[in-house]
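The values are calculated or read from the model by the stated rules, or taken from the named source; none is laboratory data. Since the structure is predicted, the reported quantities are computational estimates derived from the model, not experimental observations. We place every Cβ from the backbone using ideal geometry, glycine too, and count neighbours over all the protein chains shown. Surface accessibility is based on the protein's heavy atoms, side chains included, excluding ligands, DNA and RNA. Shrake-Rupley method; radii C 1.70, N 1.55, O 1.52, S 1.80 Å.
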Amino acid sequence: MPWFVWLLAAAALGAAEFFTLTLVFGLLAGAALVAAVVAGVGVGALGQLVAFGAAAAAGVVLVRPVALRHMAQQPLTREGSDALIGRRAEVMQEVTASRGLIRLSGEEWSARALDESLVIPAGALVDVMEIDGATAIVYPRDLLP
């Protein structure tokens, strides 16, 4: 089989991967490229098919599981308000279970205490435990008097 037939097959498989996003057609496209190189070197049809089969099997058995595992992992960086969780803040106005104000990353945020029985005085340092809309849920860093 001529090498350009393998290139056409690789292009068709690559287009199929673009629409399905299964990683299988992309790996088969890579295997077709390997077969095109083997055909370009002058190996016969049987050698081309063996090269295609070996490259396809290696891709599907070895590469695809690693790629799927990698894609399933959560990103290491947090964005938006999620990035504020765990940060330290300073209380600007007393924080209770229903209201308060803190300075967080240079901005003023409305806040409320995680523990409803706590009243956190102005000037205290707190940790942001979660973000609920535009309100930071906080807990004091140090024991309160």
Inset, instruction - Enumerate the pairs (first residue in region 71-92 and open to solvent by less than 100 Å² (accessible area, probe 1.4 Å) and in a strand (DSSP E or B); second residue anywhere and modelled with pLDDT of 80 or more and among the basic types (Lys, Arg)) with beta-carbon separation below 7 Å, excluding pairs fewer than 6 apart on the same chain, so at least 6 apart or on different chains. - result: Ala89/Arg103; Glu90/Arg103; Met92/Arg103
Legend entry - Residue within region 15-32 that is at pLDDT 95 or above, surrounded by 14 or more Cβ atoms within 10 Å (Cβ to Cβ), aromatic (Phe, Trp, Tyr) and outside any loop (DSSP other than H, G, I, E, B) present: no
Inset, instruction - For region 121-145, enumerate the residues that are crowded, with 16+ Cβ neighbours inside 10 Å and touching a Leu at 6+ places or on another chain (Cβ under 8 Å). - result: Ala124, Val128, Ile131, Ala136, Ile137, Val138, Pro140
Inset, instruction - Kindly list the number of the only condition in (1) of a type in the set (Val, Ile, Thr); (2) open to solvent by 80 Å² or more (accessible area, probe 1.4 Å); (3) part of a loop (DSSP other than H, G, I, E, B) that fails for Val43. - result: (2)
Legend entry - Top-ranked residue in region 113-145 [being of a type in the set (A, V, I, L, M), assigned to a strand (DSSP E or B) and over 17 Å from Gln93 (Cβ atoms); ranked as farthest from the chain's Cα centre (by Cα)]: Met129
